[in-house]
Amino acid sequence: DGGITQSPKYLFRKEGQNVTLSCEQNLNHDAMYWYRQDPGQGLRLIYYSQIVNDFQKGDIAEGYSVSREKKESFPLTVTSAQKNPTAFYLCASSILAGAVNEQFFGPGTRLTVL
Amino acid sequence: EDKVVQSPLSLVVHEGDTVTLNCSYEVTNFRSLLWYKQEKKAPTFLFMLTSSGIEKKSGRLSSILDKKELFSILNITATQTGDSAVYLCAVGLYTGNQFYFGTGTSLTVIP
């Protein structure tokens, strides 16, 4: 089955710790995205990547880091510099360039900082 | 600054009612407008609109885009309790292949 997987589903972290959220896709999509969703709010873009070894900051990149070493994988690290990391994190992918396209979403990771 | 605004923020209706959800946008390099349904987990895709005046339909749901007035509406007829969800509007840009999301409309359908 083609799709996007995220792990873990739930994650608890102590203040001051870095944590990495996994996102893998087997859709052969070029573009991948990380969003953050807080209660009662829409999705806000953290980082996105259009091609391997390249990525750009979104609107709320401070306190986060990413890598794109493989087309299939786009892990997100939430660092201790992120002041309010408790949120629902969604990874998405889309076919890049040319034709218009939709985003496909993974199931999400709910991060709670204790 | 690019932005996407949805209204109303929340809506409570009775089964069988018809609802209209609104999405307006101000962006540069508009490419597409997308509607998603989110039920406590990942958003699921409903429609993608790129041309004005062409209605997209799927069962009881339909949507249309007005690129001159910069808005889209999502209609749901004969609502059911299973329609209860947050409906998200997103605008896709040519620039960087980015998407901007609105805050969503929370729909609750009461039996």
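All of the numbers you see were taken from the coordinates with simple rules; none came from a lab. Bear in mind the structure is a predicted one, so any value in this text is a computation, not a measurement. Ideal geometry is used to build each Cβ from the backbone, glycine not excepted, and the neighbour counts take in all protein chains shown.
Taking every eigenvalue of the Cα gyration tensor of the protein assembly as shown, multiplying by 5 and rooting it, what semi-axes result, largest first, whole Å?
Values for the protein assembly as shown, descending: 29, 21, 15 Å.
Using the Karplus curve 6.51 cos²θ - 1.76 cosθ + 1.60 with θ = phi - 60°, what ³J(HN,Hα) values do you get for each residue of region A:60-65, in whole Hz, with x for Gly and Pro?
Residue by residue, region A:60-65 yields 10, 6, 4, x, 10, 9 Hz.
Straight-line reach from B:Lys40: which aspartates and glutamates fall under 19 Å, measuring Cα to Cα and dropping same-chain residues less than 8 apart?
Straight-distance partners of B:Lys40: A:Asp38, B:Asp83.
I need the per residue convex hull volume for region A:18-68, using only the alpha carbons, in cubic angstrom as a whole number.
Measuring per residue, one finds 99 Å³ for the Cα hull of region A:18-68.
Please list 3J(HN,Hα) in residue order for region B:2-14, calculated via the Karplus relation 6.51 cos²θ - 1.76 cosθ + 1.60 where θ = phi - 60°; whole Hz, with x for glycine and proline.
Calculated HN-Hα couplings, in order: 5, 8, 10, 10, 10, 8, x, 6, 8, 8, 10, 9, 9 Hz.
Report D for region B:65-105 in µm² per second (integer): Stokes-Einstein, Kirkwood Rh on Cα pairs, 20 °C, 1.002 mPa s.
For the chosen part, D equals 173 µm²/s.
Below 29 Å, Cα to Cα, which lysines can B:Lys68 reach? Residues fewer than 8 away in the same chain don't count.
In chain and number order, the partners are B:Lys3, B:Lys37, B:Lys56, B:Lys57.
If we count GluC sites (Glu not before Pro) as exposed when they sit in a DSSP loop and have at most 12 other beta carbons within 10 Å, what is the longest stretch of chain A that avoids them all?
The longest such stretch corresponds to A:16-61.
Over region A:1-107, what relative contact order in percent results from Cα pairs under 8 Å that are six or more residues apart?
With pairs under 8 Å counted, the relative contact order is 32 percent.
Compare the Cα positions of B:Asn75, A:Leu111, B:Gln98 along the charge dipole of the protein assembly as shown (+1 at Cβ of Lys, Arg; -1 at Cβ of Asp, Glu; about the Cα centre) and return the one farthest towards the positive end.
A:Leu111
Find me the longest stretch of chain A that has none of the exposed trypsin sites (Lys or Arg not before Pro), where exposed means in a DSSP loop (not H, G, I, E or B) with at most 14 other Cβ atoms within 10 Å.
The answer is A:15-82.
From largest to smallest, what semi-axes in whole angstrom does region A:27-114 give when each is the square root of 5 times an eigenvalue of its alpha carbon gyration tensor?
The answer is 22, 14, 11 Å, longest axis first.
Enter the per residue convex hull volume of chain B, computed from alpha-carbon coordinates, in Å³ rounded to the nearest integer.
In chain B, the Cα convex hull volume per residue is 94 Å³.
Once phi is turned into θ = phi - 60°, what whole-Hz ³J(HN,Hα) does the Karplus curve with 6.51, -1.76 and 1.60 give for every residue of region A:73-84, x standing for Gly and Pro?
Karplus-based 3J(HN,Hα) across region A:73-84 equals 10, 8, x, 10, 9, 9, 8, 5, 6, 7, 6, 9 Hz.
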